[in-house]
Amino acid sequence: MDYFPKRIVCLTDETTEMLYILGEQDRIVGVSGFSTRPPQVRQEKPKVSAFTSAKIDKILALKPDLVLGFSDLQADIAANLAKAGVQVHLFNQRSVPEIFSMIAVLGALVGASDKAHAWIAQQQAKLDFIQQQAKEFKQKPVVYFEEWHDPIITGIQWVSELITIAGGQECFPELSNESLAKKRIVADPLEVVKRNPDIIIGSWCGKKFHPHKVGERPGWENVNAVVNQQVYEIKSAHILQPGPAALTDGLDQVVKIIQNWQAAEQA
């Protein structure tokens, strides 16, 4: 008899995508309105939440036996559901190892541990290969990752780790381990100019990053990344999702960007 949860609501994209990867999507009865991975989820599953807000009545009407959430930002939603008698699991992964841990726990929650561990092993092998390749680089570019622009917020821990794995140097290493966005604020934009990154990657939640406009910021026109046209966008759904997207599409784009820089340096 299957004692695992059969009616799951996923309040963020990473658990939704991972359940699809594990072939356990039939257990999902509700998702976040921001869910885009895989693409068919928007047609297949009812949308019941944003990120920091949720339609509690709509969730309860789905009669879930498990709700999956993420981080302190969804703590109030989780508390309201728990008070209504719903079983809630709130993940809080902020690093690459913690993302793998989240996937292992999620697999166990739905009785798919073998498939989850096989997927983790495959991705870990990929990361090891990329890291090994990066060791051969003679130079490691300084990479500035911008999560928001006003105020400037630098990249969260897993993004910084992916940059390092791909052969880059984090522009703000002293901030990268801070889990809260407010603790990754760079008050003075000219501090980025002082650190003179070789590569700039922008990824803004809910707003498009325009690489060609970065050079219009006061004082930024002489930054190496701007001068050498090494300014890029990675969509937030690919890199700021602390789950399979960051380890696949997100990492692949970071690797390509750094390899492009390496090729330009050697030309």
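Per-structure values
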| item | result |
| --- | --- |
| Cut-off 11 Å between beta-carbons: net charge of the residues surrounding residue 26, Lys and Arg +1, Asp and Glu -1 | +2 |
| Estimated 222 nm signal from helices in the chain, with DSSP H stretches of n ≥ 4 weighted -39500 (n - 2.57), rounded to 500 | -11000 deg cm²/dmol |
| Packing-based ranking, highest mean first, of 61-72, 129-140 given that Cβ atoms within 10 Å are counted | 61-72, 129-140 |
| The range 130-183-the range 1-45 distance, computed between alpha-carbon centres (Å) | 30 Å |
| Local electrostatic count at residue 49 - Lys and Arg +1, Asp and Glu -1, tallied over other residues with Cβ under 15 Å | +1 |
| Translational diffusion coefficient (Stokes-Einstein; Kirkwood radius from C-alpha pairs) of the range 1-92 at 4 °C, 1.567 mPa s, in µm²/s | 101 µm²/s |
| Residue order, fewest to most surrounding Cβ atoms within 10 angstrom, among 49, 179, 236 | 179, 236, 49 |
| Cross-link pairs beyond the 18 Å C-alpha cut-off, checked among 213/235; 126/208; 135/256; 6/55 | 126/208; 6/55 |
| R0 of 41 Å, Cβ-Cβ distance residue 221-residue 131: FRET efficiency to nearest 0.05 | 0.75 |
| Estimated inter-spin distance, residue 61 and residue 115, nm [label 7 Å along Cα→Cβ] | 3.0 nm |
| Rough spin-label spacing in nm, given labels placed 7 Å along Cα→Cβ, for residue 188 and residue 52 | 2.9 nm |
| The range 118-241, relative contact order [Cα under 8 Å, separation at least 6], % | 25 percent |
| Distance (nanometres) between label positions extended 7 Å along Cα→Cβ at residue 6 and residue 207 | 4.6 nm |
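Every number here is computed from the coordinates shown, using simple stated rules; none is lab data. For clarity, every value in this text was computed on a predicted model and none was experimentally measured. Virtual Cβ from ideal backbone geometry, glycine too; neighbours counted across all protein chains shown.
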